[in-house]
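Here is the structure we will look at, set down as structure tokens.
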Amino acid sequence: MRTTKDRIRHTIGFELLGLMIFAPLASLVFGFELQLMGVLALVGSVIATVWNYIYNLLFDHALLRWQGNVRKSTLMRVFHALLFEGGLLLLFLPMIAWYLNISLWEAFKMDIAMAAFYLVYAFFYNLAYDRIFPVPHPAPQTE
């Protein structure tokens, strides 16, 4: 299982790289000023960072309980990313509508687009992270 230090490195890297890609792209796609999208992305990043840490910790504990390790197949990675984004959507939707002064429906469409971006991004980021920083195998137990 990953250490707290490793989880912090993972989360900070994920959020910083995501912000650098997402804010300019969202400004271009949605037609809002970069400053507005940057603030929205930053607040979303803080929410996502807290959610990311809690969610991944719980998910890894569930994997350990169900399968005895934290390795993820491709199908498990897809499930992992979908479940994460679904929870984040519920947390972030009201904030988007309020901050941009748009309807909940418009915010929902924007949030779905954000979730789609981060869904793909999360899959590839986590795949790369696991290859660069593999999960250490526990030392064999001696009796």
### Query
Applying 1/(1 + (r/R0)^6) with R0 = 41 Å to the Cβ-Cβ distance of Ser103 and Arg77, what FRET efficiency is obtained, to the nearest 0.05?
0.75
#### Entry: For semi-axes √(5λ) of the Cα gyration tensor in Å, calculated from these coordinates, the label among (1) 63, 13, 11; (2) 70, 22, 10; (3) 32, 15, 12
(3)
### Query
Which loop-located trypsin sites (Lys or Arg not before Pro) does the stretch 27-109 contain, where loop means any DSSP state but H, G, I, E or B and the Cβ has at most 15 other Cβ atoms within 10 Å?
Arg71
### Task
Show that you can apply the helix-only estimate: for the chain, add -39,500 (n - 2.57) for every DSSP H stretch of four or more residues, divide by all residues, and state [θ] at 222 nm to the nearest 500.
-29500 deg cm²/dmol
### Query
So how much accessible area does Ile8 have, in Å² to the nearest 10, using a 1.4 Å probe?
80 Å²
### Message
Whole-Hz ³J(HN,Hα) for each residue in the stretch 94-99, computed from phi via Karplus 6.51 cos²θ - 1.76 cosθ + 1.60 with θ = phi - 60°, x for glycine and proline: what do you get?
### Response
x, 5, 4, 4, 5, 5
### Query
What are the semi-axes of the equivalent ellipsoid of the stretch 1-85, taken as the square roots of 5 times the eigenvalues of the Cα gyration tensor, listed largest first and rounded to whole Å?
30, 14, 10
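The values are calculated or read from the model by the stated rules, or taken from the named source; none is laboratory data. Fair warning: this is a prediction, and the values are worked out from it, not measured in the lab. Glycine gets a Cβ as well: all are built from the backbone with ideal geometry, and neighbour counts include every protein chain shown. Just the protein is used for accessible areas: all its heavy atoms, side chains included, with ligands, DNA and RNA removed. Shrake-Rupley method; radii C 1.70, N 1.55, O 1.52, S 1.80 Å.
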